[in-house]
Amino acid sequence: MILATTDTLQGKNINQYLGIVTAEVVYGSNMLRDFFASIRDFWGGRTGSYERIFEQGQQDALKELQERASRLGADAVIGVQLKTDTINLDETGVLMLGTASGTAV
């Protein structure tokens, strides 16, 4: 299935718009990862463990988007947008949220 951030597909005709599709993935925090990230925050620099989680969240959201579009009978999703956020849960940790949306065609 084709996923595109554009609203058209070069060399392809869009015959039918099947509607907006969305996908969300949520990852819970990990005490060990949070501990090492806080050390990295103190000294500065990139936090590879969180970068990998955000990347995984985006990939999982795109995969879920494809599956949901496929259930609608789509061959592609256009206008794809990705978003990654964090939700702080006070003392209980952090949730990482990845979302993807687009138009199934």
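The values are calculated or read from the model by the stated rules, or taken from the named source; none is laboratory data. Worth saying up front: this structure is predicted, and the values here are computed from it rather than measured. With ideal geometry, Cβ positions are generated from the backbone for all residues, glycine too; neighbour counts draw on all protein chains shown. Surface accessibility is based on the protein's heavy atoms, side chains included, excluding ligands, DNA and RNA. Shrake-Rupley method; radii C 1.70, N 1.55, O 1.52, S 1.80 Å.
Quick check on this structure: which one of 20, 78, 87 is open to solvent by 30 Å² or more (accessible area, probe 1.4 Å), in a strand (DSSP E or B) and at pLDDT 95 or above? I'd like the intermediate steps shown before the answer.
Numbers: 78 fails: open to solvent by 30 Å² or more (accessible area, probe 1.4 Å); 87 fails: at pLDDT 95 or above.
Of 20, 78, 87, the one residue that is open to solvent by 30 Å² or more (accessible area, probe 1.4 Å), in a strand (DSSP E or B) and at pLDDT 95 or above is 20.
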Inset, instruction - For residue 41, work out the one condition from (1) at pLDDT below 90; (2) in a loop (DSSP other than H, G, I, E, B) it doesn't fulfil. - result: (2)
Inset, instruction - Could you tell me which numbered condition residue 54 fails, if it satisfies all but one of (1) touching a strand residue (DSSP E or B) at 6+ places or on another chain (Cβ under 6 Å); (2) open to solvent by less than 50 Å² (accessible area, probe 1.4 Å); (3) modelled with pLDDT under 85? - result: (2)
